[in-house]
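The values are calculated or read from the model by the stated rules, or taken from the named source; none is laboratory data. If you're wondering where the values come from, they're calculated on a predicted model, not measured in any experiment. Note that we place each Cβ from the backbone using ideal geometry, even for glycine, and neighbour counts take in every protein chain shown. Accessible surface is based on the protein model in full, side chains and every heavy atom, while ligands, DNA and RNA are left aside. Shrake-Rupley method; radii C 1.70, N 1.55, O 1.52, S 1.80 Å.
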Amino acid sequence: QVHLVESGGGLVQPRGSLRLSCAASGSFFKLYRMTWYRQAPGNEREFVASITMGNNTYYADSVKGRFSISRDDDKNTVFLQMNSLEPEDTAVYYCNLFDPPDNFWGQGTQVIVSS
């Protein structure tokens, strides 16, 4: 069983920055691809960024060049550095670990971008 806990969300002005963290329980964190998703009110949950065991990274087009995903396997933690935030980035951000057939989610952390 894997337990994921996100943190770092909050209220930020447009063009500001936030750094989200996701701490995972378990012994084999470094073996897993970790992914950030987000869900805005009235919208479906959407892919934001992911990072593989080998530190290959992937981004949604909407965040490419502004967001950066990284991981610290010693601390079982994945990060999402978000720069140049826009009101359209307002959403609940979720951390995900997919270990077929199991799919683990955190409780989410709210990000609000508003002046």
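Couple of notes before you dig in:
- Gyration tensor (alpha-carbon) shape descriptor, region 63-106, a/c threshold 1.5: oblate
- Contact order, relative form, for the chain: 37 percent (alpha carbon pairs under 8 Å, 6 or more residues apart, mean separation divided by residue count).
- Compactness check for the chain: Cα Rg over 2.2 N^0.38 Å is 1.00.
- Proximity of backbone amide H atoms, modeled 1.01 Å from N, is registered between residue 90 and 113 at under 5 Å, excluding neighbours fewer than 5 places apart on the same chain.
- Fraction of beta bridges assigned by DSSP in the chain that are antiparallel (%, nearest 5): 90
- Heavy-atom accessible area order for 46, 6, 88, largest first, 1.4 Å probe: 88, 46, 6
- Among the trypsin sites (Lys or Arg not before Pro) in region 2-95, those located in a DSSP loop and surrounded by at most 13 other Cβ atoms within 10 Å of their own Cβ are 15, 64, 75.
- Inter-site label distance for residue 31 and residue 19 at 7 Å from Cα along Cβ, in nm: 2.9
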